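Just below is one structure, and these are the notes that go with it.
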Amino acid sequence: MSLLFDNVSYNYPGSTHGLHDVSLDVRTGELVAVIGPSGSGKSTLLKLVAGLETGHTGRIMLGGEDMSRTPVHQRHIGMVFQSYALFPHLSVLDNVAYGLKLRKVATAERRKRAQELLDIVGLGEFSQRAVAQLSGGQQQRVALARALAIDPRALLLDEPLSALDASVRGHLRDQIRSIQQRFNATTLLVTHDQEEALVMADRVAMLKDGRLLQIATPREIYENPASRAVAEFVGLSTILPAKVASPGRLDLGFAELFAETGSRSFGTPVHVLVRPEHIQPDPAPNAMNRLAGRTGAQRYLGALTRYDFEVQGAPKPFLAESPAPANEAIAVAPEHLRLLDH
């Protein structure tokens, strides 16, 4: 069941903060991750879908139906909160079955459904435990099972992994993605973790100041960001000012580099984006786009070292990643230079 935002705007009372003319679609069975800095409108988007905030302009369509006037309890939305919001006085099984109880599903049927879901999320043997006896990761899976129990028309995940230790987040995000795909659940995931968004999502939507800057596949939003704001937020990078010196050449002030300039005319100002993994350490003396300098601060990451490479005259160091840092020069192939228009 598809979820569509059609020119949706919303301001919190007495404030200019909210959402501004947001249009995006979440296709049936798709997982779209919403990222952006704090205050960008990510959680507001979820609250509007769930009906926890009302009074927006534009349309929010679920399965072709405008949800604007639909009460919260009639939207059939499954939601997993950051805090999980489980009931401490109920067993694990009764937590999962709670939504079915509200819908007056017969006791035997709802308990059977809850047990089936606990089996799916790997917690079947914990059905009679109190939720306080579970780990954070287990509680997160209970919350997911509860959200899926009602066979939701859409699934909303509000930073579901943020309260967990890094050691378990990777495993659980894979589990969530697998379960989401198994149920073919149309899903909107809000997260502040870029890696989580890139790994889990079919597409990633970035908000800033309540506006949608780009929605694209994880690869596209990383490799071809639509603007400097997206490039700065998604992944690590070096972004430097430049202008077109001639077709296929850029003037960065401290050096000229070969790059794909497209139809941009002489003197056009641009920003040059370089990802750290695209920097080649210690290239041959005649290598294209070779820049001499020295290595600055280093950060050991195990298989890689992330380091600053300082080029004389450059306004800031190049951020680079490689198994070993460069000694005296780096290079960037022309196809790895991304140009961002002003």
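Results, tabulated for the structure shown:
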item	result
Looking only at region 300-312, and only at residues there that are surrounded by 11 or more Cβ atoms within 10 Å (Cβ to Cβ) and out of contact with any Lys or Arg (no Cβ under 8 Å at 6 or more places or on another chain), the one that is nearest to Ala242 (Cα to Cα)	Val311
Selected residue (only one of Arg211, Arg177, Arg182 is farther than 21 Å from Leu4 by Cβ, open to solvent by 50 Å² or more (accessible area, probe 1.4 Å) and either within 22 Å of the chain's Cα centre (by Cα) or of a type in the set (A, V, I, L, M) (or both))	Arg182
So Leu339, is it in contact with a helix residue (DSSP H, G or I) (Cβ under 6 Å, 6 or more places away or on another chain) and hydrophobic (A, V, I, L, M, F, W, C)	no
Filtered residues of region 252-286 (kept if closer than 10 Å to Val332 by Cβ, open to solvent by 20 Å² or more (accessible area, probe 1.4 Å) and more than 29 Å from the chain's Cα centre (by Cα))	Phe258
Filter result for Ser322 (within 29 Å of Thr191 (Cβ to Cβ), touching a helix residue (DSSP H, G or I) at 6+ places or on another chain (Cβ under 9 Å) and without any contact (Cβ under 8 Å) to a residue 60 or more places away in the chain)	yes
Selection status of Gly14, in the same structural domain as Pro160 (by TED's automatic domain parsing) and in contact (Cβ under 8 Å) with a residue 24 or more places away in the chain	no
Residue check for His171: outside any helix (DSSP H, G or I), open to solvent by 50 Å² or more (accessible area, probe 1.4 Å) and not assigned by TED's automatic domain parsing to the domain that holds Ala333	no
Meets criteria (assigned by TED's automatic domain parsing to the domain that holds Gly63 and either surrounded by fewer than 17 Cβ atoms within 10 Å (Cβ to Cβ) or of a type outside the set (Lys, Arg) (or both)) for Leu240	no
Of all residues making up region 121-130, the number that are open to solvent by less than 70 Å² (accessible area, probe 1.4 Å), not in a loop (DSSP other than H, G, I, E, B) and not hydrophobic (A, V, I, L, M, F, W, C)	1
Residue that is nearest to the chain's Cα centre (by Cα) [pool: residues in region 191-208 that are under 14 Å from Glu30 (Cα atoms) and surrounded by 22 or more Cβ atoms within 10 Å (Cβ to Cβ)]	Ala197
Ala154 modelled with pLDDT of 90 or more, surrounded by 21 or more Cβ atoms within 10 Å (Cβ to Cβ), in contact with an Asp or Glu (Cβ under 8 Å, 6 or more places away or on another chain) and not basic (Lys, Arg)	no
In region 219-234, the residues that are in contact (Cβ under 8 Å) with a residue 40 or more places away in the chain, open to solvent by less than 30 Å² (accessible area, probe 1.4 Å) and under 11 Å from the mean Cα position of the chain (by Cα)	Val234
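The values are calculated or read from the model by the stated rules, or taken from the named source; none is laboratory data. Because the structure is a prediction, the values reported are computed rather than measured. In this analysis, Cβ positions are derived from the backbone assuming ideal geometry, glycine residues included, and neighbour counts consider all displayed protein chains. Surface areas here come from the heavy atoms of the whole protein model, side chains and all, with no ligands, DNA or RNA. Shrake-Rupley method; radii C 1.70, N 1.55, O 1.52, S 1.80 Å.
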